[in-house]
Amino acid sequence: LPTVDSTQPDEPVLVDLDESDEALLVESLLNTPQGRARLQSLLDDASAALAANRLTTPADDNAFDLFQSALSLDPDNDVAQAGMEQIIRRYVRLAQRAVDRGRYQSAVTLGKRARQVARQITLTDSVAEALDSVEEYGYEQTIARAVEAERVGDRARAASQYRSAALFKPEDAAI
């Protein structure tokens, strides 16, 4: 994070900060009323975006970007961390609903979005398990539907379901 060195009042010079200097700068910012107000504003806006299901879109007005901005100010902020986990859980639920409705490509896309958010934070075990369950759930549901289609002699539907199962586990050669 570059900062301005004001050794010469008329000629500011950018100075590169190392991580420890940057951490001190962020910490000192949080010790000011303006810094605390900025952090609280980000958390409030992020919570409102989450409540409105603006998880990762639109750009610059979504829960992900706002919680991430809060974490850049306060990397250990529990509210922002929990908010990021809520985004992941919401995407997991949406992906599972998409599977239930037979919208497999949407389910895969939603699962990928959850993983993109997950890469930005340290996950709790329960969130990691929920995230891992998305692909497994989609795979199991499509295989079950394929087997049922085979049982009733609908080979075209069975083939379609097997192709859908491959969306969730493309590495599975048995599909």
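I'm checking my understanding of the structure. Among residues of the range 54-83 that are open to solvent by 60 Å² or more (accessible area, probe 1.4 Å) and among the hydrophobic types (A, V, I, L, M, F, W, C), which one is farthest from Ser41 (Cα to Cα)?
Initially, the range 54-83 is screened for residues open to solvent by 60 Å² or more (accessible area, probe 1.4 Å), giving 54, 57-61, 68, 72, 75-76, 78-79.
So of that shortlist, the ones also among the hydrophobic types (A, V, I, L, M, F, W, C) come out as 59, 79.
Numbers: Ala59: 18, Val79: 12 Å.
Of everything passing the filter in the range 54-83, Ala59 is farthest from Ser41 (Cα to Cα).
Name every residue in the range 34-53 that is under 15 Å from Gln86 (Cα atoms) and out of contact with any helix residue (DSSP H, G or I) (no Cβ under 6 Å at 6 or more places or on another chain), in order of residue number.
The answer is Asp44, Ser47, Ala48, Ala51, Ala52, Asn53.
Evaluate the following for Ala98: is it of a type in the set (Gly, Ala, Ser), buried (at least 19 other Cβ atoms within 10 Å of the Cβ), closer than 28 Å to Ala46 by Cα and free of Cβ contacts under 8 Å to residues at least 24 places away in the same chain? Before the answer, list the steps.
Details: of a type in the set (Gly, Ala, Ser): yes; buried (at least 19 other Cβ atoms within 10 Å of the Cβ): yes; closer than 28 Å to Ala46 by Cα: yes; free of Cβ contacts under 8 Å to residues at least 24 places away in the same chain: yes.
Yes.
Check Thr124 against each of (1) modelled with pLDDT of 95 or more; (2) within 12 Å of Ile88 (Cα to Cα) and name the one condition it does not meet.
(1)
Quick check, is Val127 open to solvent by less than 70 Å² (accessible area, probe 1.4 Å) and either among the β-branched types (Val, Ile, Thr) or in contact with a helix residue (DSSP H, G or I) (Cβ under 8 Å, 6 or more places away or on another chain) (or both)?
Numbers: open to solvent by less than 70 Å² (accessible area, probe 1.4 Å): yes; either among the β-branched types (Val, Ile, Thr) or in contact with a helix residue (DSSP H, G or I) (Cβ under 8 Å, 6 or more places away or on another chain) (or both): yes.
Yes: the conditions hold for Val127.
Among the listed residues Leu43, Leu50, which satisfies the condition of being of a type in the set (A, V, I, L, M, F, W, C), closer than 24 Å to Ser133 by Cβ, in contact with a Gly (Cβ under 9 Å, 6 or more places away or on another chain) and open to solvent by less than 70 Å² (accessible area, probe 1.4 Å)? Let's see the steps before the verdict.
Details: Leu43 fails: closer than 24 Å to Ser133 by Cβ.
Testing whether each residue is of a type in the set (A, V, I, L, M, F, W, C), closer than 24 Å to Ser133 by Cβ, in contact with a Gly (Cβ under 9 Å, 6 or more places away or on another chain) and open to solvent by less than 70 Å² (accessible area, probe 1.4 Å) leaves just Leu50.
From the list Arg103, Arg89, Arg157, Arg151, which one is under 16 Å from the mean Cα position of the chain (by Cα) and charged (D, E, K, R)?
It is Arg89.
Kindly provide the set of residues from the range 138-162 that are charged (D, E, K, R) and surrounded by 13 or more Cβ atoms within 10 Å (Cβ to Cβ), ordered by number. So that I can check it myself, show each step before the final result.
Filtering the range 138-162 for residues charged (D, E, K, R) gives 140, 145, 148, 150-151, 154-155, 157.
Within the range 138-162, Glu140, Arg145, Glu148, Glu150, Asp154, Arg157 qualify.
The values are calculated or read from the model by the stated rules, or taken from the named source; none is laboratory data. On a predicted model such as this, the values are computed, not experimentally measured, just so you know. Cβ coordinates were reconstructed from backbone atoms using ideal geometry, including for glycine residues, and neighbour counts include every protein chain displayed. All accessible areas refer to the heavy atoms of the entire protein, side chains included, with ligands and DNA or RNA removed. Shrake-Rupley method; radii C 1.70, N 1.55, O 1.52, S 1.80 Å.
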